[in-house]
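To start, the structure under review is shown below, and the notes come after it.
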Amino acid sequence: MVDIKDLRRRKMMSGPFSPRLLAAVRASLERGEQAILFQNRRGFAPMTECPVCGWVPKCPNCDVSLTHHRNAGVMSCHYCGYATNVPEQCPNCDSREIRGRGYGTEKIEDAIRSLLPEARVARMDLDTTRTRNAYGQLIGDFASGRTNLLIGTQMISKGLDFDKVSVVGILDADSMLNYPDFRAYEHAFTMMSQVSGRAGRKGRQGLVILQTKSPGLPVVSQIVHNDYEGFYHDLLTERRDFHYPPFYRLTYVYLKHRDDNTVNSAGLELGSRLREIFGTRVLGPDKPAVARVKTLCIRKIMLKLESGLDYALARQYLRGALATC
């Protein structure tokens, strides 16, 4: 585990790479072995910003910022597919100092090529595996040693077995741990454990370097020490206390409309009717993390139904409330 928050404060980071990770990857390649760098964000920069006025290009159809894909020369939305050219200057203040924020796999590839020019680098994400044979070609090149450093998203986390991989770098654990979903820790633990399993195959010891700004989180220590039993018990206690599965069943009701006021009024009305039936089991309506997708405004209502409830009857009541709303 590497505390990159402290390293950034001391200005010891080389872009997204800690000194420990760079040294380990360089040593691995010099020994004729291979390394994998895991970053679960594709594109060049997840967000673009004008540092003068703070303007951020956003999708006109969805409530998200556009991701810069430098190789394709566009900024695109990963929800609806909208794409536009990268602006040369800010439309608000005419500044030409527009910058990308954050690191996608494209930017990681550029950075590692400049720091380790001797590496034979390949990138595996949705952008590089769109054609029929691209995935097999990337896997074949890495398995045969024609490439020795693989950068990728969750596509590289499971199902791959390479004899010579001795180092795996998890570049940004926090982006997975801080995702707004009650399953975030579970998914992060699974994914990072799976990608860690790519190092040290065939009975040989491997090295996994996990970079994080939150080294004090218990889940980070549990991932590093593969303490799945401790993780399981902590997560189970938390879910029991806050009424989440497997102790409660969650039912989500989504309302969508092109007009925000309309969907908001409908959500309040439906939420009120559901509370008359289910009481405090109803949460919302609330805006989800992405509150507009493909021009449709969204509200979400959640029902937490305890074990032992007559779910068939609950479904009947729910459908009745929907029909009369």
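The values are calculated or read from the model by the stated rules, or taken from the named source; none is laboratory data. What you see is a predicted model; the values in this text were computed from it and never measured. Note: ideal-geometry Cβ built from the backbone for every residue, glycine included; neighbour counts use all protein chains shown.
Data table
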| quantity | calculated |
| --- | --- |
| Filter result (surrounded by 14 or more Cβ atoms within 10 Å (Cβ to Cβ), more than 14 Å from Leu322 (Cβ to Cβ) and of a type outside the set (Ser, Thr, Tyr)) within region 245-267 | Phe247, Arg249, His257, Asp260, Val263, Asn264 |
| Selection count, region 1-45, where residues are in a loop (DSSP other than H, G, I, E, B) and closer than 30 Å to Ala143 by Cα | 13 |
| Selection status of Gly145, of a type in the set (Gly, Ala, Ser), modelled with pLDDT under 95 and surrounded by 15 or more Cβ atoms within 10 Å (Cβ to Cβ) | no |
| Hits in region 275-325 (condition: out of contact with any Phe, Trp or Tyr (no Cβ under 7 Å at 6 or more places or on another chain), of a type in the set (Lys, Arg) and crowded, with 17+ Cβ neighbours inside 10 Å) | Arg281, Lys287, Arg292, Arg299 |
| Every residue from region 29-48 that is over 18 Å from the mean Cα position of the chain (by Cα) and either surrounded by fewer than 24 Cβ atoms within 10 Å (Cβ to Cβ) or not assigned by TED's automatic domain parsing to the domain that holds Pro16 (or both) | Leu29, Glu30, Arg31, Gly32, Glu33 |
| Extreme residue, surrounded by the most Cβ atoms within 10 Å (Cβ to Cβ), among residues of region 50-74 that are in contact (Cβ under 8 Å) with a residue 24 or more places away in the chain and touching a Cys at 6+ places or on another chain (Cβ under 8 Å) | Thr67 |
| Candidates Gly200, Gly230 - the one that is modelled with pLDDT under 95 and either in a helix (DSSP H, G or I) or out of contact with any helix residue (DSSP H, G or I) (no Cβ under 6 Å at 6 or more places or on another chain) (or both) | Gly200 |
| Of the criteria (1) part of a helix (DSSP H, G or I); (2) under 24 Å from the mean Cα position of the chain (by Cα); (3) in the same structural domain as Tyr311 (by TED's automatic domain parsing), which one Ser221 fails | (3) |
| Residues of region 75-122 that turn out to be surrounded by fewer than 16 Cβ atoms within 10 Å (Cβ to Cβ), aliphatic (A, V, I, L, M) and part of a strand (DSSP E or B), as a count | 1 |
